[in-house]
Structure formats: C-alpha cells, structure tokens
Amino acid sequence: MIELEGLTKRFGSKVAVDHLSFQVRPGIVTGFLGPNGAGKSTTMRMMLDLDNPTSGTVRIDGKHYRDLQEPLKYIGALLDAKAMHGGRSAYNNLLCLAQSNRIPSSRVDEVLDMVGLSAVAKKKSKGFSLGMGQRLGIASALLGDPEILMFDEPVNGLDPEGIHWIRNLMKALASEGRTIFVSSHLMSEMALTADHLIVIGQGKLLADTSMADFIHENSRSYTRLRSPQYERLRDVLHQEGFTAVETAGGVLEIDGATTEELGELAARHQVVLHELSSQRASLEEAFMQMTAGSVEYHAHSERDPAAEPPAVGAGWGENWNKPGSNNTEGK
Amino acid sequence: MTSPATPQDRRQEPEAGLLSFYASPIPIRPATLGDAIASEWTKLRSVRATVWTLGVMVALMLTVGVCTALLLAANDTDLVGEPALVLGFFGVLLGSLCVITLGVLTIGSEYSTGMIRTTLTACPSRVRVLAAKAIVFFSLTFVITTVTATVVAVLQTLILSGAATPSGGEWALSTVGVGFYIAGLGLLSLGIGAIVRHSAGAITIMIGVVLLPLVLALFMFADDLRSVQRFLIEYSIPNQLSALYGTTMTNSGPSGWEPLLVMLGLVTVALGGAVALLNRRDV
C-alpha cells in the first residue's frame, strides 16, 4: 500500500508534480500513465525518497521511506536499468545490495535464476544488452522479495519476447498478492497488464479509475457495417433516422445503435450485409484525448495527429506491433 | 516465476483490505551499519579501480623509496644526521595521488553510473551510506599505506646503514602516522567527491588542494604577503606530510602529530558538509 498526499515538486518555477494524491492498492497491477514529461519518474523518485518533495508526503505501509530499516524487503524498484556499476559483475552488483539489507547471499542466485541471468552472473554488467540490463534491474527489485514493486517504463526498448516476459511477470507477482505499480506512456501496454489506472498530465491527476471503468467511459462504441448494396443501406439507415458516417472502403459506422437493431433493420429491408460488428475506439485515442491539453512536448506539424480523430478501425492499431493495442472489444 | 514457497503458503488474511497481504518468507532482521559496511566492502573489492590505484601506489612507494636509498648509498651522500626514514616521503607524495583518485571514485563512480540511486533506495539513510563508505575506504587505505610505508622504511634503513638511528617516535610517525595522514587525505577526497558528485571535477579539486598552496607561495615575493606565503607553505599538504618525517621547509608550522589533527579537522568539515548536502539534495 502506497499513499500519496498532496505531493508536489517544483524545479525552480516549473511545477513537475502538482498536488498528487492517490493510493496504490495491494493485489493488483496499478498502471501509472502519462505522456513524456508528465512527472511520472519524478513522482516515483519521490516515492523512493530520492527526490525531496516541495510539499506533501508519501507513505509506504504507513511509514516514510527514510524510516524503513530494510527498504528492499518492503519495496523493490526498477527506476532505470542502467543504475548499476558497469565494472562490477551482475552477481556482485546484487550482492552489495543484498548485504546492505541483510538478505542472505543465496537469494542473489535465486533472483538471477528467476530473471534468467544465471549464465552471465559473473560477467560485467556494462556488456549487457538493454534487455539484460532490464532483467538485472528487475532482479534487484525482487531481491528482498518485497510486497510492493515499482517499475518505471519496464518495457522501454525491449523486444517482443522481453515485453511478453515482463507482462507475465507482473501479472504473476500481482496474483501472489503483491502491490504492483508500473509506469508507462503507452496506453496499449497498460490495457494488457493493469487493473487500475492512474493518469497524470503536467503533474496533475487526470484520472484514478479502474481499467474497466476507464475503458467503459472513454471508448466510443459504434457499429461497423459493410454491404455490397452500399447506396441502398445508406438510404435505409437515413430513413430510419440513424446517422451513418462513411469511411474508407465502403464502410459505414453508426453511433448509438446496437448490432441487433441494425441486423434486424437490414433483414427487414433485405439488404445483404458483409459485415456487422460492434467496435470500440482505441484506448490509445481516449488516452491522447484525455492528455491532449497537457502534453509537454508537442511535435509541431501542419496536421497535428492528436487533434484529429484518427481513422477509426484503421489508424492506431496497425503500427503498434502488439496484440490488442487497438480495439478492445475482447475485454 | 519460481519462488521457494507456493503462493498459498505465503498469503495472509487481508487485514481490513488496507494492508498488503503478501508476506515474504525471507525473515526480516534489522539492518545495521555493519550490513552497510559489508555492502561497501563488496563494492570496493569488486571494481578494478581499487586494485589499480592501490597497486600503483604500492609500486610507486616501493620503487621510489628503494631507488632513492640505493642512489644515495651508491653516491655515499651524507644525510647530515637525518634518519633514512625521510626518504620515504617522495614515494608517499606520489602515491597520495592514487589515494585521492580512489577516494573520489568510491563515491564519484556511484554518481557517474547511476548506482547511487540503487544504493540509496536500498539504504535510505545517507549518513549510514557515507559512514560505511568512509570506514571501509579508510581502513583499507590505512592498512595498505602503513604496511607499505613500514616495508619501505625498513628497506631504506637497511640500505643506508650509516644514517642516524631513528627513535621509536620517528618510526611511528613515518609509518602509522603516514598511514593515517594518507588515508585521511583519501577521506577528504571522498568528502569532496560526495559534494561535487563528479569524479573528474573532484580529482582536479583535490590535486589543486595538494599542489596549489605551494605553487601560489612561489609567486608571493612582496613583503606584505610574506605571512600569507609562510602560511601557505607551512600548511600545504606536501609540507605537512614531510613534517611527519621530521623535515619541513620552514622551521615553524605543524610538527610531530599536529598534521594529523589538521587533516582530521579538514576531513570532519568535508564529510560533515557532504552529509548535510546528501540529506538535503535530490539524488
């Protein structure tokens, strides 16, 4: 259980984190979402007492971080993978951490085995690839077998296999009753792992909601119709008072109607349908709309892609290379 | 995910749904400064910089010390009543640069690699981390410097058997005293490293601290500056170090064990400042 109360951080005149208050509950994966520069990492550093808050407090199981005697046994964190001495072997990097918290050295072998680095335990960590570095960082987080785990952008730069591994690891850890707090700037990633969502933008809390609620509230649902009798279908829909939006490839999208209604309608008018499906707009889109006003670093282009509704059904999903990043009707 | 126990074994009843209900099978025993020291010892012995800097220091002290003694013996130079111990000074002065480097790197490498964030996450007490580092680093350099200085002193006395016989006090000063002084200089470097958080910068500052007073004093010819010049010379680190060997550039200034007190003062200020800054600063 992590509790934040009015957490604020100013760097000069710039407010990085602005009166954040939320709780991270045990037994679930809580996603911490925000665009780049929203204050996610600063917030996580303050949770670990690396940065001092300008005001407000963070409590870990009711205690301030600095008062924890063996913090690794309460909370394990992966902030950035390269926060290790490259000249030291993976084993020794973990051993010195274990010793400072009175964790038996046998545990070092255990976590190295857990993350699959046993074979390179004696190798210097500076020769590690990004994925191996990330695994070493996760090993250090798991060292004290803590009840709270924090991961800052754990999938950044990982290959699909590594992403898959981390995703399953987080779910497994949460199912053991641990508190998992994971930050990301990819909604699609969160949709797959998180049970609860905390969204921030420019340091302010934008949403603190369950994943299911977020999906329910933020994804536009509509029905997709495709027919060889395109003109006829459009007329029929118009007569019956439905607003159909035409999109590329002869597809009609209808808001505010169920598939049952539309299917029966088509049958009554004997229109052949090639497709009748219920769709939901991507969560990525919902997330971008939510944070549109608070994105720190905009790319300035003639057409700002975030400002326009993407071509639904085609747009965002195809480039993510990850399953389930687009339509989440399966949820 | 392989864990020593099954999840069912480890799960406790949720208490009012508020507290975490994961309990680790690893027992919690309070960690102490001793644990932090063990951790810092692992860090120090597992990087190559330690072996290199201390190895170079030992090599410098041995070769410079023995070679000067051999040269003097070959030339039959009269040491004008001084014991042969004084010849150890040159090697130690050169070796001190290695200790400075290692002292700075002990904390500086944590900042340059980002390890400091991991270290302070594992041990949030800044005082404990710095104290553990200081204790481990001081002990190691003290032992190595003292042992090497003793070996060099014995060799020099044997080579120059004609020189004056040193007293017990002189022996102590030029071995244990030098060990304390050099290890103290290393601690000062560690403190400066923690304050500036940048290895190259801190090493430059420390080399300046060692050399600059003498260099500045060289250019102070004006009568008005005479007292400043004298102060700079007397309290320069090389002069205080040579005071431990019983020879100084001036006839006043710190002598005997006094240089150690001066160094102790400097170290206290530097480490105190480092702790205050570490407590206040963001990592």
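Can you sort B:MET220, A:MET150 by how many other beta carbons sit within 10 Å, fewest first? Spell out each step's value before the answer.
Working: B:MET220 16, A:MET150 25.
Fewest-to-most ranking of B:MET220, A:MET150: B:MET220, A:MET150.
Relative to the longest principal axis of the C-alpha atoms of chain B, give the angle of the C-alpha long axis of helix B:33-45, reported between 0 and 90° and rounded to the nearest 10°. The angle comes out near 60 degrees.
Could you list B:VAL196, B:VAL178, B:VAL262, B:VAL143 so that the one with the fewest beta carbons within 10 Å of its beta carbon is first and the one with the most is last? Don't jump to the answer; show the numbers that get you there.
Numbers: B:VAL196 20, B:VAL178 31, B:VAL262 17, B:VAL143 12.
If I rank by nearby Cβ atoms, fewest first, I get B:VAL143, B:VAL262, B:VAL196, B:VAL178.
Rounded to whole numbers, the Karplus 3J(HN,Hα) couplings from phi for region B:194-204 are 5, 6, 8, 6, 9, 4, 4, x, 5, 5, 4 Hz, using 6.51 cos²θ - 1.76 cosθ + 1.60 with θ = phi - 60°, and x at Gly and Pro.
Based on C-alpha pairs under 8 angstrom that are at least 6 apart in sequence, chain A has a relative contact order of 20 percent.
Taking other Cβ within 10 Å of each residue's Cβ, how do A:GLU153, A:GLU147 sort, fewest first?
Working: A:GLU153 23, A:GLU147 26.
Ordered from fewest to most neighbouring Cβ atoms within 10 Å, A:GLU153, A:GLU147 come out as A:GLU153, A:GLU147.
Just want to confirm a number: the relative contact order over region B:33-280, from Cα pairs under 8 angstrom separated by 6+ residues, in percent. Before the final figure, lay out the partial values.
Working: 338 pairs, mean separation 60.4, N = 248.
Worked out over region B:33-280, it gives 24 percent.
Annotation: the antiparallel percentage among DSSP beta bridges lying fully within the protein assembly as shown is about 65.
Can you give the helix-only mean residue ellipticity at 222 nm for chain A, where every DSSP H stretch with n ≥ 4 adds -39500 (n - 2.57) and the sum goes over all residues, rounded to the nearest 500 deg cm²/dmol? Mean residue ellipticity at 222 nm (helix-derived): -9000 deg cm²/dmol.
For A:LYS14, the lysines whose Cα falls under 29 Å of its own Cα, not counting residues fewer than eight places away in the same chain, are A:LYS40, A:LYS63, A:LYS82, A:LYS204.
Between the listed residues A:LEU97, A:LEU48, A:PHE151, the Cα displaced farthest toward the positive end of the dipole of region A:35-159, a dipole computed from Cβ unit charges relative to the Cα centre, is found at A:LEU97.
Between A:ARG234, A:ARG45, A:ARG224, the residue with the greatest mean-square fluctuation in the GNM of chain A (Cα pairs under 10 Å linked by springs) is A:ARG234.
Only the coordinates and a few stated rules stand behind these numbers; no lab work does. Here the structure is a predicted model, which is why all the values come from computation and not from measurement. So basically every Cβ, Gly included, is an ideal-geometry build from the backbone, and we count neighbours across all protein chains shown.
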